[in-house]
Amino acid sequence: MAASPSGSQLLVGCEDGSVKLFQITPDKIQFERNFDRQKSRILSLSWHPAGTHVAAGSIDYISVFDSKSGSAIGKMLVDRQYMGVSKRKCIIWGVAFLSDGTVISVDSAGKVQIWDSATGTLVKNHLVSNADVQSIAVSAQEDSFVVGTAEGTVFHFQLVSVTSSSSEKQWVRTKPFQHHTHDVRAVAHSPTALISGGTDTHLVIRPLMEKVEVKNYDAALRKITFPHRRLVSCAKKKQLLLFQFAHHLELWRLGSTVATGKNGDTLPLSKNADHLLHLKTKGPENIICSCISPCGGWIACSTASRFFLYRLNYEHDNISLQRVSKMPVFLRSALQILFSEDSTKLFVASNQGSLRVFRLLEGGFTHLHSFQPQSGTVQSMCLLAVSPDGNWLAASGTSAGVHVYNVKQLKLHCTVPAYNFPVTALAIAPNTNNLVIAHSDQQVFEYSIPDKQYTEWSRTVQKQGFHHLWLQRDTPITHISFHPKRPMHILLHDTYMFCLIDKSLALSSQQRCCCGHAVMQFGLRAQPAHGALVPCEGGVGGARGEQQMALKEPLPNDKTLLYNPLPPTNESDVIRRRTAHAFKISKKYKPLLFVDLLDEKTLVAVERPLDDIIAQLPPPIKKKKFGT
């Protein structure tokens, strides 16, 4: 498929050699006409930037169509030669139509070819691979393009002058990149980077150094492995985990142990984990989202066209699952699903921007209210968070906005000030009803829902700034949770670490010591009650400032270690004070798909070893290396 430059038309190439043109309207897609049928199946399509012509790649040839009449006005035959040997077929995997009429094609013979569409002649031929060249993308200025091969190599081509004094230019292969092990099925060309992805499950962002003005983090190579959304949900009260796969859900009950040990020990299980349920969806559609209620009695999931809600009952090993059959007509699919903390309400966000609230009953549910998007906007709600008391619901869309709704009054309460980067995770803290928001640029904000403003802690953090290593992490924060008995602790994680932020170490708590001096209370230790006396060792006079420095453990700055392990017990107090700060980070478990607190003393972490994923992939193309 290929959309026209104006976005008003859509072309679809079919297996029978036909090319169909559809008209796109705000409410539907309407068939308009068929182009001239070709003898072979259509494997690639590209519009001319002006929308006047279309290039279609097939087997052994490239066709050029007039987009208004749909008639074929040219055909370019592709050489079947592959490394000097004639092949049976040459598949055109990708084509790109440029403004000057040039057509660039990539094919199964490992060639990148440049054509003149007006005369149908071959201008330049580049043999770049012993295997298929499967993808192509051109920059907006049309002065460079990138291709991806089945060997995992990405090649960059640039339009350069033949001589320094000549205006004549030609396409030259400039840089190869080998960051993939398998087929590179998709490539993209941004103004400052080359982006590639394929069978090895990696998304690689390779910056173009000549396009990057400042040599900062944006100039670093990034490799993204896991999806930036949650695939695991937890029923804390029943200690159940629901795992989302492409076409099925799995429900597991966590194991337990009665053994004890010291810090760092691995304890044997007295009861193994139980696989309780394997729920498979019908049809070819993938599961978009899923969730289990905190009580463990409800399971909800959605595909692109159907929404499913199940009532789960189990006693010991007897499990029964009952599907709620009578679904409202408007509830066809969901982009995000969330249950309230007491499992009495269900929140469903659609891809059209609406946010629906349902009350759960024993045998089904009733629709309470629908929050509609602002007039003139269609914004998908990708992330939801509900307060533990059930009074507040926060929703984040595809842009950077976050809306907070009053669930009891069923109306919009406030909108968090706009930020330039999308939200990756959000959660509402118990007791305080502070909304913690993580953005894709690794910034973390705390917003007071009752006061409709950022908290003092958030302003302090933004004033000082985060550690440079924190801001340079590749993977975004995907989940935020809170300790039920320690309101000053925030637990969050990404793919390669989970972090405990102690807000009490960033805020100065003016308290009176037993000598009457105001001191700063910091640390991981339990905080005294408001107005309580804090022991003071400094005495009076100049020792007061020394006492403040002795207790101060601030946010990490660029001069301190961010990933600081706990200091050995034999180190002096001076070194301990130098390394301690509010960010306690563990990188022991990775890659992490899910981390959350089950209760006050239990933390569950779900890892997805990358080696297990690679073991399931097809073997890569074997390359002959020198000396082997």
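Annotations
- Which numbered condition Asp494 misses (of (1) at pLDDT 85 or above; (2) open to solvent by 10 Å² or more (accessible area, probe 1.4 Å)): (2)
- Whichever residue in segment 15-44 is open to solvent by 30 Å² or more (accessible area, probe 1.4 Å) and touching a residue at least 24 places away in the same chain (Cβ under 8 Å) and, among such residues, is farthest from Ile59 (Cα to Cα): Arg33
- Residue count, segment 143-171 (criterion: under 20 Å from Val187 (Cβ atoms) and exposed (fewer than 15 other Cβ atoms within 10 Å of the Cβ)): 1
- Odd one out for Leu122, checked against (1) under 29 Å from Pro618 (Cα atoms); (2) open to solvent by 50 Å² or more (accessible area, probe 1.4 Å); (3) not polar (S, T, N, Q): (1)
Condition check ((1) free of Cβ contacts under 8 Å to residues at least 60 places away in the same chain; (2) within 22 Å of Val407 (Cα to Cα); (3) surrounded by 21 or more Cβ atoms within 10 Å (Cβ to Cβ)) across all residues:
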| site | (1), (2), (3) |
| --- | --- |
| Val423 | yes, yes, yes |
| Leu426 | yes, yes, yes |
| Asp441 | yes, no, no |
| Ser448 | yes, yes, no |
| Gln453 | yes, yes, no |
| Trp470 | no, no, no |
| Arg473 | yes, no, no |
| His489 | yes, no, no |
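- Selection from segment 388-406 of residues that are modelled with pLDDT of 90 or more, in contact with a strand residue (DSSP E or B) (Cβ under 6 Å, 6 or more places away or on another chain) and polar (S, T, N, Q): Asn406
- Criterion applied to Thr281, Thr303, Thr260 was being open to solvent by 60 Å² or more (accessible area, probe 1.4 Å) and at negative phi, and the one residue passing it is Thr260.
- Screening Thr174 with (1) of a type in the set (Ser, Thr, Tyr); (2) open to solvent by 20 Å² or more (accessible area, probe 1.4 Å); (3) assigned to a loop (DSSP other than H, G, I, E, B) gives one miss only, at (3).
- Which numbered condition Ile614 misses (of (1) within 23 Å of His228 (Cα to Cα); (2) at pLDDT 85 or above; (3) open to solvent by 60 Å² or more (accessible area, probe 1.4 Å)): (2)
- Of all residues in segment 332-348, exactly one satisfies the criterion of being out of contact with any Phe, Trp or Tyr (no Cβ under 7 Å at 6 or more places or on another chain), not in a loop (DSSP other than H, G, I, E, B) and not hydrophobic (A, V, I, L, M, F, W, C), namely Gln336.
Here's the yes/no breakdown for (1) touching a Ser or Thr at 6+ places or on another chain (Cβ under 7 Å); (2) open to solvent by less than 10 Å² (accessible area, probe 1.4 Å); (3) polar (S, T, N, Q); (4) at pLDDT 90 or above:
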site	(1), (2), (3), (4)
Tyr82	no, no, no, no
Ser86	no, no, yes, no
Lys89	no, no, no, no
Ile104	no, yes, no, yes
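The values are calculated or read from the model by the stated rules, or taken from the named source; none is laboratory data. All figures in this text were calculated on a predicted structure; none of them were measured in a lab. Methodologically, a virtual Cβ is constructed for each residue, glycine included, from the backbone with ideal geometry; neighbour enumeration extends over all protein chains shown. The protein model used for the area step is the full one, side chains on, heavy atoms only, and it has no ligands, DNA or RNA in it. Shrake-Rupley method; radii C 1.70, N 1.55, O 1.52, S 1.80 Å.
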